[in-house]
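Structure first, commentary second.
The values are calculated or read from the model by the stated rules, or taken from the named source; none is laboratory data. These figures come from a predicted structure and were not determined experimentally. In case anyone asks, the SASA skips ligands and DNA or RNA and just uses the protein heavy atoms, side chains included. Shrake-Rupley method; radii C 1.70, N 1.55, O 1.52, S 1.80 Å.
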Amino acid sequence: MRAIFADTVIAKSDRTIIVEGNHYFPTEDVEMKYLEASELQTTCPWKGVASYYSVVVGDKKAKDAAWVYPEPKEKASQIKNYVAFWKGVQVVPD
């Protein structure tokens, strides 16, 4: 799978994990230089607290378009430190 924003591949992996229809990419397969930490956090009853990033490529920015569960609850432990995308980031087969 690939995650694309502003014609730039920001993540590419054959090891994504699908949870609730979202592909979660291993951190080592994400170009972290395109992610800018956000103050936004949300809570999922079964996954835990998600931390967000804005995706920035050149002068284009998708605010809060990536999220990660750094300390997920036990039922979501498989996505610890995996990154998912939305809000203008296309996730497509490679």
Worksheet item: Using 0.36 nm per residue, how much length does the chain from LEU40 to THR8 gain when fully extended, once their Cα-Cα distance is taken away?
Response: 9.1 nm
Worksheet entry | (i) 26, 20, 9; (ii) 21, 15, 10; (iii) 26, 14, 13, with the label sought being that of the calculated semi-axes √(5λ) of the Cα gyration tensor in Å | (ii)
Practice prompt. Could you order ASP64, ASP29, ASP14 so the one with the most accessible surface comes first? Probe is 1.4 Å.
Written response: ASP14, ASP29, ASP64
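Taking only protein heavy atoms and a 1.4 Å probe, what accessible area per residue, in Å², does the chain have with all protein chains in place? It would help to have the intermediate numbers written out before the result.
Numbers: 5440 Å² over 94 residues.
I get 58 Å² per residue for the chain.
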Discussion item. Output wanted: per-residue J couplings in Hz (rounded whole) for segment 68-76, from phi through Karplus 6.51 cos²θ - 1.76 cosθ + 1.60, θ = phi - 60°, x for Gly and Pro.
Written reply: 8, 10, x, 9, x, 5, 3, 5, 10
Discussion item. Of the candidates LYS12, LYS47, LYS33, which one comes out as most mobile in a Gaussian network treatment of the chain with C-alpha springs shorter than 10 Å?
Written reply: LYS33
Discussion item. What are the ³J(HN,Hα) couplings of segment 3-17, residue after residue, when phi is run through the Karplus curve with 6.51, -1.76, 1.60 and θ = phi - 60°? Round to Hz, x for glycine and proline.
Written reply: 10, 10, 9, 6, 6, 10, 6, 9, 7, 8, 7, 9, 10, 5, 10
Worksheet item: Sequence-distant or interchain residues sharing an amide H contact under 5 Å with VAL19, placed H: which?
Response: TYR24
